[in-house]
Amino acid sequence: MKETAVVACLLAELSLAAFALASQGAAHCPALCRCEIRPWFSPSSIYTEAATVDCNDLGLSVLPERLPSETEVLLLQTNNIVNVEKTLDYLDNITEIDLSQNNISSVGDVYLGSLPQLLSLHMEENWIQELSDSCLASFPNLQEFYVNHNLIFSITPGAFQGLNRLLRLHLNSNRLTSVNSEWFQHLPSLEILMLGENPIIELSDMNFKPLGNLRSLVLAKMNLTEMPDNAFVGLESLESISFFDNLLNRVPQVALTRVQNLKFLDLNKNPIERIQRGDFTDMMHLKELGINSMPELVSIDSFALNNLPELTKIEATNNPRLSYIHPRAFHKLPRLETLMLNSNALSAIHRGTVESLPNLREVSLHSNPIRCDCVIRWVNMNRTAVRFMEPDSLYCVEPPEYQGQRVRQVHFREMTEICLPLISPGSLPERVEVRKGRSVSLHCRAFGEPEPQITWVTPSGDRVLPGSVSDKYYMHPEGSFDLYDATEQEAGSYTCIAHNLVGADIKSVLVAVDGYVTQPSNQPLHVYITSVQSHSVRVSWESAGGLVSQLNWSVLADGSSLSAPFAARLPADVKEYRIKQLKPSTRYQVCVGVTAAQPGYSRDCVNVTTKVALIQRDKSENWDSLVMATCAVFFIVVAVACSVIYTSLYSQVFYRKLIADPAETLLIPSAHSFSSPSSDFLESGASGIKVRATVIDLPDDSM
């Protein structure tokens, strides 16, 4: 009993002591602040619960006089603190301090004392202008430093001295104009670096070489126009790069090849016009690629993505001009599962594109102007296991008879197997401005089956074939036309022609050099008929320049009214055309209209009557002879056949009589009725009868 009493007293004393300590701690919770246990994640994402003092948004100008000694997290966000003069080194367990959204102008004005346990320091959205040498040396175990959204324009080479364990550094949204590799000499453990939204126009080679353990690099909104080839040398552990919202006009292909372990790449919202052949090649560990919201992106060319064995997801969405993906754009992507292509300007996606991706599971193609014809018919043929995301938002825009219908509701048998080329509407604008002496690229892409070929016609009428090169231009095999060192002589209308075995499509773009374009000629348009036949006429015309020639012809009924016209669109360099399949002895009206480079339209018409269809005499006579000869042969064959049948029947009757009465001599004359000269005939006749009787000794029904 005594032992029990002693134990009970001891427990009571311990309880009183604990209560006293708790009361003492509670008493030290600053006025208006909240002191409580809250969830907390360490910089390495380990969950725990931490004693938190929350003094956010209280209008404080200084730190509270005294804080509970067990405080682990101190929140002082959105106050009016300018400097900190009282140290917090009595807080042995402090791991995180948040001083964001205050009025601090210098890190040196914040003297917190020596805090070896501090892991995270937040000072974003203050008025800090520079980071001086060893400004954070009193926090040797600091792992996260957030100083983004300040006014920092200067960082000394030794600013981060002593931060050997720092893992995350946020310098984004400041006023830095350059990056110095010396900043990172003291950050061997850094894993995440955010430099975005600084007015850094360009980076230099080896800028990040000391960061051998860096895993994520964010370079968003920095107005970068290009990347040096060796900018990422030394980043052996880098897995993620973001170039979001920069001014890159091409993929930094060489720089990216230096990052051997890259897994996630963000190129969203850059003015890249083309994803070209080889832009993403042999990136052995890349898993996800983002090329979204690119205002100038027109096409993804052949073999643009090649040999990416671990790539599982491609996002290419919300690109208002992306109108063409080459059938062989994706090559050797064995693990690709998700292809996001919604909200672009695509009229179709080739069957070959999907078939080249053996592990593809889902495609997002909705919110595109789909053309329901031969190129897209494979979607409804039930020969693919690919799932289309949001199929109810996938509508036909062309042809007119299917406009507004869901693509999956149009039976594939209603779509033709071959179709005319269609130049992607988003690939070419109507007008392009270029400064004198500068270069410009014109991009023309077309869908069709068979796959169309593309040529260009210059304002001077020269036809340019793929691969053609000169001092002034070069045409890429995919259809892009590069114009170099532009002058007023190069100003004018450039016409793209896409053609296959079925037909052709034409689209033109007006190139203005410093606002100058070729003035339209005052020469009137004249149409001539150079040849007239019974079923065709040859038309020629004279015009100076122009974008497109539109040829129309229709029958003139009653000398005035016109029937429904036929039409043909012709390239600018075509000045002659033969109209076929016309009716003989028929009056036609033929009109040619030319759209000029400047706003304007020229048109001229001419009437013509086709010749009478003449029956060629020699051909008619030959035909009659052939018919007569055929009839004669026919009658001869019939006569011969009848003769053979008659002879056979007669022989059957004769021989039957001969067998029935061997003494019958109806056909053999008697020996007494002939003179001696006739005896030879009798013998031969008799012998002949004997021979015949022997041969035809057959059953009665043998015939």
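The values are calculated or read from the model by the stated rules, or taken from the named source; none is laboratory data. Here the structure is a predicted model, which means the values were calculated and not measured. Every residue, glycine among them, receives a Cβ derived from its backbone with ideal geometry; neighbour counts consider all protein chains shown.
The set of residues in region 432-465 being within 23 Å of the chain's Cα centre (by Cα) and exposed (fewer than 14 other Cβ atoms within 10 Å of the Cβ) consists of Pro450 alone. For region 321-340, a residue qualifies if it is part of a loop (DSSP other than H, G, I, E, B) and either in the same structural domain as Pro450 (by TED's automatic domain parsing) or over 15 Å from Arg445 (Cβ atoms) (or both), and the qualifying residues are Lys332, Leu333, Pro334, Arg335, Leu336, Glu337.
For region 491-502, check the following and say yes or no: at least one residue is outside any strand (DSSP E or B), at pLDDT 85 or above and not aromatic (Phe, Trp, Tyr). Yes - at least one qualifying residue is present in region 491-502.
Out of region 343-356, which residues are part of a loop (DSSP other than H, G, I, E, B) and surrounded by 20 or more Cβ atoms within 10 Å (Cβ to Cβ)?
Scanning region 343-356 gives Ser343, Asn344, Leu346, Ser347, Ala348, Ile349, His350.
Filtering Ser468, Ser480 for residues that are among the hydroxyl-bearing types (Ser, Thr, Tyr) and within 24 Å of the chain's Cα centre (by Cα) leaves a single hit, Ser480.
Residue-by-condition table, conditions (1) over 45 Å from the mean Cα position of the chain (by Cα); (2) under 28 Å from Ala50 (Cα atoms); (3) surrounded by 15 or more Cβ atoms within 10 Å (Cβ to Cβ):
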| residue | (1), (2), (3) |
| --- | --- |
| Leu115 | yes, yes, yes |
| Leu119 | yes, yes, yes |
| Met123 | no, yes, yes |
| Leu136 | yes, yes, yes |
| Phe139 | yes, yes, yes |
| Gln143 | no, yes, yes |
| Asn164 | yes, yes, no |
| His170 | no, yes, yes |
| Ser173 | no, no, yes |
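One residue stands out among those in region 29-54 that are small (Gly, Ala, Ser) and part of a loop (DSSP other than H, G, I, E, B): the one that is surrounded by the fewest Cβ atoms within 10 Å (Cβ to Cβ), which is Ser45. Total residues in region 213-229 satisfying the condition of being farther than 10 Å from Glu197 by Cα and either in a strand (DSSP E or B) or at pLDDT below 95 (or both): the figure is 8. Of all residues in region 225-243, those that are crowded, with 20+ Cβ neighbours inside 10 Å and over 15 Å from Lys287 (Cα atoms) total 5. Scanning for something aliphatic (A, V, I, L, M), modelled with pLDDT under 90 and assigned to a loop (DSSP other than H, G, I, E, B), does region 1-17 turn up at least one residue? There is at least one residue in region 1-17 that is aliphatic (A, V, I, L, M), modelled with pLDDT under 90 and assigned to a loop (DSSP other than H, G, I, E, B).
The number of residues in region 357-389 being among the hydroxyl-bearing types (Ser, Thr, Tyr) and either over 23 Å from Val298 (Cα atoms) or not in a loop (DSSP other than H, G, I, E, B) (or both) comes to 2. Does Pro271 satisfy the criteria of being more than 19 Å from Glu337 (Cβ to Cβ) and in contact with a Pro (Cβ under 7 Å, 6 or more places away or on another chain)? Answer is yes for this residue. Restricting attention to region 163-189, the residues that are farther than 22 Å from Phe232 by Cα and touching a His at 6+ places or on another chain (Cβ under 7 Å) add up to 1. Candidates in region 55-78 are the residues that are free of Cβ contacts under 8 Å to residues at least 24 places away in the same chain and more than 22 Å from Leu142 (Cβ to Cβ); of these, the one that is surrounded by the most Cβ atoms within 10 Å (Cβ to Cβ) is Leu60. For the residues Arg383, Arg377, the requirement of being surrounded by 13 or more Cβ atoms within 10 Å (Cβ to Cβ), at pLDDT below 80 and of a type in the set (D, E, K, R) singles out Arg377.
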